[in-house]
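The values are calculated or read from the model by the stated rules, or taken from the named source; none is laboratory data. Just so we're clear, the structure is a prediction, and the values are computed from it rather than from any experiment. Because the Cβ atoms are built from the backbone with ideal geometry, glycine has one as well, and the counts that use them run over all protein chains shown.
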Number of protein chains: 2
Amino acid sequence: MEFVGSVVTGVATLSQTMEDGRRQMVGLLLPSDFVGRPGREYAAFNVEATTDVTLCKFARKPFEKLLNDMPHLRERMLEMALDELDAAREWMLLLGRKTAREKIASLLMIIAKRQNTLKPIENVEELKFELSLTREAMADYLGLTLETVSRQINALKKDGVIELERKRHVFVKDITRLLNETGDDADGGYFE
Amino acid sequence: MEFVGSVVTGVATLSQTMEDGRRQMVGLLLPSDFVGRPGREYAAFNVEATTDVTLCKFARKPFEKLLNDMPHLRERMLEMALDELDAAREWMLLLGRKTAREKIASLLMIIAKRQNTLKPIENVEELKFELSLTREAMADYLGLTLETVSRQINALKKDGVIELERKRHVFVKDITRLLNETGDDADGGYFE
DNA sequence: CGGTACGTTGAAGGGATTCAAGGCTAGTGG
DNA sequence: CCACTAGCCTTGAATCCCTTCAACGTACCG
């Protein structure tokens, strides 16, 4: 924990593991996300890269000094922390109450949103993106087993909600169709 | 969302509800917890009091002004947000990977910790506290049904891990015994 | 005393897990 | 060049934990 930083390219995960090996992902770090916690010596969670990652890193101590000198930076940090908290709470709804199928659909939407920078153009109805996670990583994200992830992804494919290419490339013809599978109300903020 | 504030006495909850009624609690607000989000007009989640609550509240706009004038306040807000984020992540492990019994044990520990201000006296082995939540609220906290909550609480009682008085008062003779039921490693930070 | 909110308990059913086997693809070394 | 291995993914069958549905118990209150 000598450093803090920001993801520039690649994907990393934040996770927690129980003694017997059960694992839950608690953070998905995509480009622009912040890593580390100012004002804390130790790390509470495991950070792992799932692809090659380039990081823009700062030594923690000088960074903390910087926080004091630049009020805007701290303002930004607070904003980011609160956004993450909101995301964590959405995630809790997913983990606690959604079905396996809804979980998968939700994850696909989350990844799609983040990768496409989400232009607010309302006419976007198609979507194409890459899953940079293995089935196991998805399972850890969603609180499922990798078998269930595999089955549900293929079920969505069989039902024509998504199309797959080489297991990792997803193509969505009709976004609202996928949106309806997430269990979220209305458009889930996708078009805002 | 015209106000922000801090809980002084009582218990409130932060929750999210799906169209069909499924509900997940995403925040448990106990005395000293902060309510509301500076810099945001609308509320993303429902806040409900589960007991009578006294609140120390501030109009949001002046409070935001205060944040700019007092750097220490913003520092404190950031710290609180990051602590909440850590708590949310522990909660995610609970929701995604723990069994019903582990969930109940974990919830009991969480409430116990917060109500007893947790003196770091290591000799504490007994514990007595009140559940200010209904079975249904616990279910919403844990991502279970209220029936499962009821069954698991009574199972813990039958196994001698806890004792009950009038359904809401819990007495724990042997804390480590309860701790072992949570699925967390070691002491879960209880004695730190 | 009826009504309501909260809690318990039983029986049946189902969605996800567990266990097991096999397929696909890329990289490696003979 | 081609087995050969390793990592990832899929699929089936059986099992189990939790949910669902239903009935009943209890305490409090007008």
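Listed by first and then second residue, the pairs linking a residue in segment A:71-95 that is more than 7 Å from every other protein chain (Cβ to nearest Cβ) to a residue that is charged (D, E, K, R) and assigned to a helix (DSSP H, G or I), with Cβ atoms under 6 Å apart and 6 or more places separating them unless they lie on different chains, are A:L94/A:K103. Between B:V26, B:V8, B:V47, B:V4, the distinction of being in contact with a Gly (Cβ under 7 Å, 6 or more places away or on another chain) and either over 25 Å from B:L108 (Cβ atoms) or touching a residue at least 12 places away in the same chain (Cβ under 8 Å) (or both) belongs to B:V4 only. Go through segment B:163-179 and give me each residue that's more than 12 Å from DNA strand D (Cβ to nearest atom) and more than 18 Å from the chain's Cα centre (by Cα). The answer is B:E163, B:L164, B:F171, B:V172, B:K173, B:D174, B:I175, B:T176, B:R177. In the set B:S106, B:S132, only one residue is closer than 30 Å to B:E163 by Cα, away from DNA strand C (no atom under 15 Å from the Cβ), of a type in the set (S, T, N, Q) and not assigned by TED's automatic domain parsing to the domain that holds B:V7; that residue is B:S106.
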